[in-house]
1. Please identify the pairs in which a residue from the stretch 13-25 that is of a type in the set (Val, Ile, Thr) has its Cβ atom under 8 Å from the Cβ atom of a residue that is surrounded by 12 or more Cβ atoms within 10 Å (Cβ to Cβ) and at pLDDT 90 or above, counting only partners at least 6 apart or on another chain.
2. If you take just the helices (runs of 4 or more DSSP H) that sit entirely in the chain, which of them hold at least 3 residues that are surrounded by 10 or more Cβ atoms within 10 Å (Cβ to Cβ) and modelled with pLDDT under 95?
Amino acid sequence: MNVAIDIPEDVFRRLTELWGSNLPRRSLEAIALEAYRAGVLTEFEVQRMLNLGSRWEVETFLKRENAYLDHSESELEDD
């Protein structure tokens with residue numbers, strides 16, 4: 001599914017100065033990251049959303065963004 005967003009032109013220029021042509025990807029990552037932090041998405045769903053090749057790529061992405069969820073002992077044991 002495609003989603004279009006409206007960004008004021010001056011904000012768009014500043015963001016593209018910072019991220020260049022990566023603005024669509026950075027936007028998608030920001031949505032996935034916030035949804036993960038809110039507990040809406042699982043790591044697997046983040047992987048699918050960002051088209052990452054492995055769980056380890058997801059872990060690297062989440063670690064880079066300091067996105068950690070609290071896991072119970074039983075969840076850690078299940079992993």
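The values are calculated or read from the model by the stated rules, or taken from the named source; none is laboratory data. Keep in mind it's a predicted model, so treat the numbers as computed, not measured. Here the Cβ is made from the backbone with ideal geometry for all residues, glycine too, and neighbour counts use every protein chain on show.
1. Qualifying pairs under 8 Å: Thr16/Leu23.
2. Values: elements: 9-19, 23-37, 43-49, 55-64, 73-78.
Here the list reads 9-19, 23-37, 55-64.
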